[in-house]
Amino acid sequence: MLVFESAEQLLAEPDARRYLHVIILNALRDKATRLEIRATEDGGLLYYRIEDRDWELSPPPDELYPLLKPTVREVARLVSPERPDMTVHFGVPEGRYEPLEAGWLTYQLGGMWLDLFVRIDPREPFGFIQFDVDGVEAREFSEAAGEALAAYAALLAPETFEIPDEQDEESGQE
């Protein structure tokens, strides 16, 4: 389970968990129905699916990318199916069949709860992490997610989000 209580709590989270919070909050704010981190030779790629279109976003930081699968495994309830006995007749020599790990990640934002369906392709160094969001339930989260992200951004760069004093506005000073 991932719980967002406040921007201060988010700032105190380990880097990989904080990154998961931020990408999930962004996906909820933007009303995405899928969030996916795909593995490549150079690291990971981040995609959202909004209105049946995939959008590529900034990739996960190189130092965090290797920590994402273990972090998702920690915070989600996953079933790791047993690998059946089989012979693979194609692909890479000595290749193995790796079934997907699947389950749920409960996300709590304020008093609201949302279950995200999670799939992890365990193949290393490739594979993916995929979160599916039920669009009907997630719509309620959009505004709250935007507010949570704004509070977090204000905590990271307070000078950018300063509100001028009323006296300064009246006198025309900044």
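The values are calculated or read from the model by the stated rules, or taken from the named source; none is laboratory data. Just so it is clear, the model here is predicted, and its values are computed rather than measured. We place every Cβ from the backbone using ideal geometry, glycine too, and count neighbours over all the protein chains shown.
Brief remarks follow.
- In segment 130-148, residue surrounded by the most Cβ atoms within 10 Å (Cβ to Cβ) [restricted to those that are assigned to a helix (DSSP H, G or I) and at pLDDT 85 or above]: Ala145
- Of the residues making up segment 149-165, not a single one is polar (S, T, N, Q), modelled with pLDDT of 90 or more and not in a loop (DSSP other than H, G, I, E, B).
- Yes/no for Ala102 being assigned to a helix (DSSP H, G or I), modelled with pLDDT of 90 or more and touching a Ser or Thr at 6+ places or on another chain (Cβ under 9 Å): no
- Some residue of segment 8-22 being surrounded by fewer than 16 Cβ atoms within 10 Å (Cβ to Cβ) and touching a strand residue (DSSP E or B) at 6+ places or on another chain (Cβ under 6 Å): no
- Qualifying positions in segment 108-133 - in contact (Cβ under 8 Å) with a residue 24 or more places away in the chain and farther than 27 Å from Thr40 by Cα: Gln108, Leu109, Gly110, Met112, Leu114
- Exactly one residue out of Ala27, Ala32, Ala16 is within 19 Å of Arg119 (Cα to Cα) and not in a helix (DSSP H, G or I): that is Ala32.
- Checking the stated criteria, Pro70 turns out not to satisfy the condition of being closer than 26 Å to Glu124 by Cβ and outside any helix (DSSP H, G or I).
- Any hit, segment 11-21, residues being touching a helix residue (DSSP H, G or I) at 6+ places or on another chain (Cβ under 9 Å), at pLDDT below 95 and under 19 Å from Gly146 (Cβ atoms): yes
- Close contacts from segment 37-51, counting a first residue that is closer than 16 Å to Arg123 by Cβ and at pLDDT 90 or above and a second that is part of a strand (DSSP E or B) and among the charged types (D, E, K, R), with Cβ to Cβ under 6 Å and a gap of 6+ residues or different chains, come to Leu45/Arg38.
- Qualifying residue in segment 116-129 (condition: modelled with pLDDT of 90 or more, in contact with a strand residue (DSSP E or B) (Cβ under 9 Å, 6 or more places away or on another chain) and under 17 Å from Phe4 (Cα atoms)): yes
- Filtering segment 12-33 to residues that are within 10 Å of the chain's Cα centre (by Cα) and in contact (Cβ under 8 Å) with a residue 60 or more places away in the chain leaves Val22, Ile24, Leu25, Asn26, Ala27, Leu28.
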